[in-house]
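Working notes for the structure below.
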Amino acid sequence: MLTPNQIHAAEYDGQSAAFRLLLLLNEHLHPSAYETPADRTEAAHTLLEAFASVFAGCLADALEHQGSDAVAVLYQRITERAPELLTSLNR
C-alpha cells in the first residue's frame, strides 16, 4: 500500500506530465507560432495525434470494454506496456 507521500508524488508526476503537454500545445496555438489559425490548429492536432499514437494499441484494447472497465483496461495496458512504449520512443 502506498504512503500518502508516495500517492502525492505519483499524482504530482501525472499532473506535471499533463501540464507539459498543455504547455507544448499552447506553444503551437500561439499566434506567433504559425501564420494562420488553420496552421495553428493543424499543428495542435498533429501534436495530439503523435501523443495519442504512442498509446494507440492500449486505447484500442480499452475501447473493447464498456464504461469504467475501459479506463481500468487502458491504465493496465499502459502499465504493462510502459517499457516497450518507452523503448519505441527512444529509437
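Go ahead and estimate [θ] at 222 nm for the chain from helices alone: -39,500 (n - 2.57) per DSSP H run with n ≥ 4, summed, over the residue count, rounded to 500.
Values: 4 runs with 75 residues, N = 91.
Taking each H run of at least 4 residues, the total per residue is -28000 deg cm²/dmol.
Hey, any idea what the orientation-averaged projected area of the convex hull of the range 49-91's Cα atoms comes to, in nm²?
For the Cα atoms of the range 49-91, the hull's average projected area reads 2.9 nm².
Express the relative contact order of the chain as a whole percentage, based on alpha carbon pairs under 8 Å and six or more residues apart in sequence.
That works out to 15 percent.
Which three lengths, in whole Å and largest first, does the chain cover when its Cα atoms are put on their principal axes?
The Cα atoms of the chain stretch 50, 34, 32 Å along the principal axes, largest first.
Which whole DSSP H helices in the chain pass both tests: a Cα extent of 24 Å or more along the axis and a mean Kyte-Doolittle value no lower than -1.0?
Span-like helices, by this rule, are 4-29, 37-54, 67-89.
Using the heavy atoms of the protein chains alone and a 1.4 angstrom probe, what is the accessible area of the chain per residue in square angstrom?
79 Å²
In the chain, with Lys and Arg counted as +1 and Asp and Glu as -1 at Cβ, which of these residues, His30, Leu85, Gly67, has the Cα nearest the positive end of the dipole, that is, farthest along it?
The listed residue farthest towards the positive side: Leu85.
Work out the length of the dipole vector of the chain about its Cα centre, built from +1 on the beta-carbon of each Lys and Arg and -1 on the beta-carbon of each Asp and Glu, and round it to the nearest 20 debye. Don't jump to the answer; show the numbers that get you there.
Numbers: 5 positive and 12 negative charges, 39 e Å.
For the chain, the charge dipole is close to 180 debye.
Provide the packing ranking of 25-37, 1-13, i.e. peptides ordered by the mean count of other C-beta atoms within 10 Å per residue, highest first.
25-37, 1-13
Report in % the part of the accessible area of the chain that belongs to carbon and sulfur, leaving out ligands and nucleic acids; probe 1.4 Å.
Roughly 60 percent, rounded to a whole number.
The values are calculated or read from the model by the stated rules, or taken from the named source; none is laboratory data. Owing to the predicted nature of the structure, the values given are computational and were not obtained by experimental measurement. Cβ atoms come from the backbone with ideal geometry, glycine included; neighbour counts cover every protein chain shown. Just so you know, the surface numbers come from the protein's heavy atoms only, side chains and all, with ligands and any DNA or RNA stripped out. Shrake-Rupley method; radii C 1.70, N 1.55, O 1.52, S 1.80 Å.
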